[in-house]
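These notes are about the structure you will find just below.
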Amino acid sequence: MKKYFFAAVLILIALLAEAQKGKQTTPGKAPDPAPAAETQDKYIRATTADILVNHFARKQAVAQRWGDYDVAKDALYDLIAEFPGNDSLIFTLAYFYYENQKHASCAVVCNDLLARNPKNAPALELSAVSYENLNIKDKALQNYESLFLVTNNSSTLYKMASLQYDLKRYGESITNSDILLSKPQSDSLKVVFTDAKNNSKEHPIKAALHNLKGLSYKAQGDMVNAKKSFEEALKIDPAFEAAKQNLASLK
């Protein structure tokens, strides 16, 4: 997720560059003359806007550097008010809400970004994660499905299969697990599981997929294929406690 985070300083530099557009002169060319009296008011308003943008940008950068995230968010809103069409700024706000576990706000901000561009991959991912944290799994799945169509990312396909199992769409979960198992990328991918003691451990994604298939078969009453799937998971990763427990539950 962090690969999609736009550093605030870079965004602010871009904004300041944008604010200065049209003010540069061609080398060797004399600067534009002072505005005529009838345009003086417009000129003053434009100059005031530039001063405000510089102020908000510096306020946001300093507040973030000093860890005052409420002030940084306030300055970010000021910048968005000046540049409402800047998707990078709005995504930065969404990410701020995500990092501070305000998942409902994050999802709402992402929805606005997706209304502008339904193929915005960072917004799709952030929205999906937010809905998942809110336990709105059908909406999370919809966003992961859209994200997969844009990125064809194997980790996204695994999330889809997991959510389909949670939503009791067992056939779809098994199908997507098999698709991912057939991909060469699955040989090197890992997933993290948390045990009963809240300890996290990485396992090969292939073992996780076979375990997931076993759970889907078990939920449908197919104990034969459930047993085969759990055993296949343990062949790949003999230390996979979840698969051990699931296999033992069949006996």
- Query: For the pair residue 137 and residue 179, how long in nm is the line joining their label points, each one 7 Å along Cα→Cβ?
  - Reply: 1.9 nm
- To the nearest 20 debye, what is the magnitude of the charge dipole of the range 153-251 about its Cα centre, counting +1 on the Cβ of each Lys and Arg and -1 on the Cβ of each Asp and Glu? 140 debye
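Out of every Cα pair in the range 195-251, what percent are spaced more than 16 Å from each other?
Cα-Cα pairs of the range 195-251 separated by over 16 Å account for 35 percent.
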- Taking r as the C-beta separation of residue 187 and residue 77 and R0 as 45 Å, the FRET efficiency to the nearest 0.05 is 0.50
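What number comes out for the charge environment of residue 226, summing +1 per Lys or Arg and -1 per Asp or Glu over other residues with Cβ under 13 Å away?
Summing Lys and Arg as +1 and Asp and Glu as -1 gives +2.
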- Query: Once Lys and Arg get +1 and Asp and Glu get -1 on their Cβ, which of 152, 234, 177 lies farthest toward the positive end of the dipole of the range 135-234?
  - Reply: 234
- Query: residue 84: net charge of surrounding residues, Cβ under 12 Å, Lys/Arg +1, Asp/Glu -1, itself excluded?
  - Reply: -3
- State to the nearest 20 debye the size of the charge dipole of the range 82-232 about its Cα centre, where the only charges are +1 on K and R beta carbons and -1 on D and E beta carbons. 380 debye
- Item | Under 13 Å, Cβ to Cβ, from residue 168 - net charge with Lys/Arg +1 and Asp/Glu -1 | 0
- Note on the structure: Protection proxy (average C-beta count within 10 Å per residue), highest first, orders 200-208, 122-130 as 122-130, 200-208
- Note on the structure: In Å, the Kirkwood hydrodynamic radius from C-alpha pairs for the range 94-137 sits at 9.9 Å
- Task: Please report, to one decimal in angstroms, the Kirkwood hydrodynamic radius of the range 153-251 built from all distinct Cα-Cα pairs.
- Result: 13.3 Å
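Bear in mind that the values in this text are calculations on the coordinates, not laboratory data. All values derive from a computational prediction rather than experimental measurement. With ideal geometry, Cβ positions are generated from the backbone for all residues, glycine too; neighbour counts draw on all protein chains shown.
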